[in-house]
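Peer 1: Mind looking over this structure? Questions follow.
The values are calculated or read from the model by the stated rules, or taken from the named source; none is laboratory data. Here the structure is a predicted model, which means the values were calculated and not measured. As a convention, Cβ positions derive from the backbone with ideal geometry for all residues, glycine included, and neighbour counts pool all protein chains shown.
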Amino acid sequence: MKDKIDFHPYFFIKDALSVFSGLLLFAFFVFYFPNLLGHSDNYIMANSLVTPTHIVPERYFSPFYAILRAIPNKIGGVIAMLAAILVLFTLPSKDKARVKSPKLRILSIYFFIMFVFNFLFLGFLGYSPAEEPYILLSRISTIFYFSYFLLVIPLTNRIEALLLAAIAA
C-alpha cells in the first residue's frame, strides 16, 4: 500500500505553465512591439560631426549611469559603477539576522523601502542632464546606495536582534 502522493506532475505543470506564459509575453514584445521599450533618439540618423546633446542609457542601466556620473574622476566612476553591481553579490553574507520574518523586522523594511525609492531616484537622475543640481543629488543618492549595504544592513541586524532579545526577556 502506498501512503504518499506523487508530487511530480503537479509542480511540473505549474512550472511549465509559468515558463510558457513568460515566453509568450516575451514573444509578444519581440514580434509585435520590438521598439516599445527603446528610446526615441535611436531613430535619429547618426552624424559624426555633431556630439549628441544628451546621451541617455537604457532604463535598466540608468541608476548605474547616475553612479558613474556622480564621481568626477572617470576611472573612479567606472570603479564605483562596478562596485555598485558587485556589492549586490555580498548581500547574502550581510544579512545574518536570526529572525527572517519581515513582520518582526520593521526597521529593515523601513530602510529597504527607502533604498527602493533611492534606486528609482537614481534611475531618474541617470536620465537627467549632467548639470549641477542633478550631479549633487546623484552624489548624495550614491552615498546612500553604498551606505545601505555597508552600514545600514549590519546595523539594523544588530539593533533588531537587541530589540527582539529585549522583547523575549
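Peer 1: Filter the range 99-147 down to the residues that are in contact (Cβ under 8 Å) with a residue 40 or more places away in the chain and among the basic types (Lys, Arg) and list them by number.
Peer 2: ARG105, ARG139
Peer 1: Just for helices (runs of 4 or more DSSP H) wholly inside the range 79-169: which have at least 3 residues that are under 18 Å from the mean Cα position of the chain (by Cα)? Spell out the reasoning first.
Peer 2: Working: elements: 91-94, 106-127, 132-147, 153-168.
Answer list for the range 79-169: 91-94, 106-127, 132-147.
Peer 1: State whether one or more residues within the range 24-43 are part of a loop (DSSP other than H, G, I, E, B), within 13 Å of TYR145 (Cβ to Cβ), out of contact with any Leu (no Cβ under 7 Å at 6 or more places or on another chain) and at pLDDT 85 or above.
Peer 2: Going through the range 24-43, the residues part of a loop (DSSP other than H, G, I, E, B) turn out to be 33-39.
Now drop any that are not within 13 Å of TYR145 (Cβ to Cβ), which leaves none.
The answer is no; no qualifying residue exists.
Peer 1: What number of residues in the range 67-83 are in contact with a Leu (Cβ under 9 Å, 6 or more places away or on another chain), among the β-branched types (Val, Ile, Thr) and closer than 17 Å to PHE144 by Cα?
Peer 2: Residues flagged as in contact with a Leu (Cβ under 9 Å, 6 or more places away or on another chain), among the β-branched types (Val, Ile, Thr) and closer than 17 Å to PHE144 by Cα within the range 67-83 amount to 1.
Peer 1: Can you tell me which residue is modelled with the lowest pLDDT among those in the range 88-129 that are within 16 Å of TYR148 (Cα to Cα) and among the hydroxyl-bearing types (Ser, Thr, Tyr)?
Peer 2: SER93
Peer 1: May I ask you to list the residues in the range 91-119 that are within 25 Å of HIS39 (Cβ to Cβ) and out of contact with any helix residue (DSSP H, G or I) (no Cβ under 8 Å at 6 or more places or on another chain)? Give the steps one after another, and end with the answer.
Peer 2: Going through the range 91-119, the residues within 25 Å of HIS39 (Cβ to Cβ) turn out to be 116-119.
Matches in the range 91-119: VAL116, PHE117.
Peer 1: Can you report the number of residues in the range 93-128 which are farther than 22 Å from ALA165 by Cβ, surrounded by 12 or more Cβ atoms within 10 Å (Cβ to Cβ) and hydroxyl-bearing (Ser, Thr, Tyr)?
Peer 2: 2
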